[in-house]
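Report on one structure; see the data block that follows.
The values are calculated or read from the model by the stated rules, or taken from the named source; none is laboratory data. This one's a predicted model, so the numbers in the text were calculated from it and none came from an experiment. Every residue, glycine among them, receives a Cβ derived from its backbone with ideal geometry; neighbour counts consider all protein chains shown. Keep in mind that these areas ignore ligands, DNA and RNA; they rest on the heavy atoms of the full protein, side chains included. Shrake-Rupley method; radii C 1.70, N 1.55, O 1.52, S 1.80 Å.
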Amino acid sequence: QVQLVESGGGLVQPGGSLRLSCVASGFTFRMNGMRWYRQAPGKERELVATITSDGTIRTYSDSVKGRFSISRDNAKNTVYLQMNSLKPEDTAVYYCKAPTIDAWGQGTQVTVSS
């Protein structure tokens, strides 16, 4: 079955960095675009970044543009989210997802606080 396992979250001070990873299995990863979402307490899930199957096209929400970078390694079935210059408003649970597949992982908590 499809599995998405996110990791790399944690507690970081404002201005710090984190690198999230998502290991996928159960589908042909290299043939699928991937997305990172986040959900803050009391808020709807928000699309943060997308990447095409070959990694050539990447998009970002306005709230993270210039600070976050999405990438992937198709040999490792893994998509990454490099997060720099973190702000308290980036605090959320972060999830990866393939847009064509109805499955979510457990997410990884990111907390930005001094």
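Summary table
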quantity: Set of aspartates and glutamates with alpha-carbon distance to LYS87 below 19 Å, sequence-local pairs under 8 removed; calculated: GLU44, GLU46, ASP62
quantity: Student exercise, the chain dipole from Lys, Arg, Asp, Glu Cβ charges, in Debye to nearest 20; calculated: 160
quantity: Within segment 28-69: Cβ-based charge dipole about Cα centre, in debye rounded to nearest 20 (Lys, Arg +1; Asp, Glu -1); calculated: 100
quantity: Accessible surface, per residue, of the chain when the full set of protein chains is kept, probe 1.4 Å, Å²; calculated: 52
quantity: DSSP-loop chymotrypsin sites (Phe, Trp or Tyr not before Pro) across segment 42-114, with at most 16 other Cβ within 10 angstrom; calculated: TRP104
quantity: Residue of GLY26, GLY16, GLY42 that the Gaussian network model of the chain assigns the largest fluctuation, springs spanning Cα pairs under 10 Å; calculated: GLY42
quantity: The chain - convex hull of the alpha-carbon atoms, volume per residue in Å³; calculated: 91
quantity: Contour excess over end-to-end distance, with Cα ends at GLN109 and SER69 and 0.36 nm allotted per residue; calculated: 12.6 nm
quantity: R0 of 25 Å, Cβ-Cβ distance ARG19-ILE101: FRET efficiency to nearest 0.05; calculated: 0.60
quantity: Extended-chain gain in nm, criterion 0.36 nm per residue less alpha-carbon gap, ALA40 and ASP62; calculated: 6.3 nm
quantity: Farthest toward positive dipole pole in the chain [+1 Lys/Arg, -1 Asp/Glu at C-beta], among LEU18, GLY33, ILE57; calculated: ILE57
quantity: All-pairs alpha carbon distance profile, segment 51-114, 5 Å steps from 0, percent; calculated: 4, 14, 23, 27, 20, 9, 3, 0
quantity: Rounded to the nearest 10 Å², the accessible area of ARG19 at probe 1.4 Å; calculated: 130
